[in-house]
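No value in this document is a laboratory result; all are computed from the given coordinates. Here the structure is a predicted model, which means the values were calculated and not measured. Cβ: placed from backbone, ideal geometry, glycine included. Neighbour counts: every protein chain shown.
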């Protein structure tokens with residue numbers, strides 16, 4: 001498979017309240033918590049929960065919503081975390097997505113290797129399902145810690161995604177409607193700039209460019225990752 005994600009099982013800190021889902025993620029997961037692993041054409045890329053994923057959430061959830069729309073045709077997204085910076089051009093090809101990426105920055109400095117590996121082609125249903133592993137981990141931890149969110153919009157939309165038929169129902173059949181011509185454009189960098197003005201001390205922690213210690217990658221050598229089950 002050219003695209004998959006290992007969610008891992010990061011340690012969770014206490015967080016009584018937060019401005020929104022992204023802020024809660026930055027508060028709950030420390031810089032030394034276990035990372036998620038995104039595998040792009042067999043190249044593993046680490047995503048820190050407390051920084052990278054916190055920075056991506058505001059665009060990730062709307063992107064997955066759009067991809068599940070029958071008329072979805074294309075999208076452009078800019079992942080704007082310092083340690084996961086990339087531009088993805090996504091085009092629907094029948095039931096699959098072709099993702100053309102421009103890599104700017106990753107933990108481990110794998111940008112050249114990722115570029116050499118070329119486009120990732122993945123079934124749209126699989127793409128959503130892989131990201132859902134991370135969302136399930138985060139939603140489960142927020143609920144377990146009973147975090148009060150001032151703005152619960154993205155959190156509730158993430159829960160709706162996880163409960164949707166694309167993730168819980170049978171494989172779709174039949175031909176999809178004609179796709180729209182206008183691509184969706186998203187940028188996580190814009191979302192993080194908006195949030196930066198109201199960040200607290202611990203939220204600001206995730207904005208540093210961390211030099212994380214290398215972690216053991218489970219199953220990567222074979223090109224397959226095995227996630228631990230979420231309670």
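So here's what we get for this one:
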{"read-out": "For region 9-125: rounded, prolate or oblate by the Cα gyration tensor [a/c cutoff 1.5]", "value": "oblate"}
{"read-out": "Translational diffusion of region 2-61, µm² s⁻¹ [Kirkwood Rh, Cα pairs; Stokes-Einstein; 10 °C; 1.306 mPa s]", "value": "132"}
{"read-out": "Most to least packed among 117-124, 88-95, 136-143, 56-63 [average Cβ atoms within 10 Å]", "value": "56-63, 136-143, 117-124, 88-95"}
{"read-out": "In nm, spacing of pseudo-spin labels at residue 76 and residue 115 (7 Å Cα→C-beta vector)", "value": "1.9"}
{"read-out": "Alpha-carbon centroids, region 138-165 and region 76-119: separation in whole Å", "value": "26"}
{"read-out": "By average C-beta atoms within 10 angstrom, highest first, the peptides 10-23, 73-86", "value": "73-86, 10-23"}
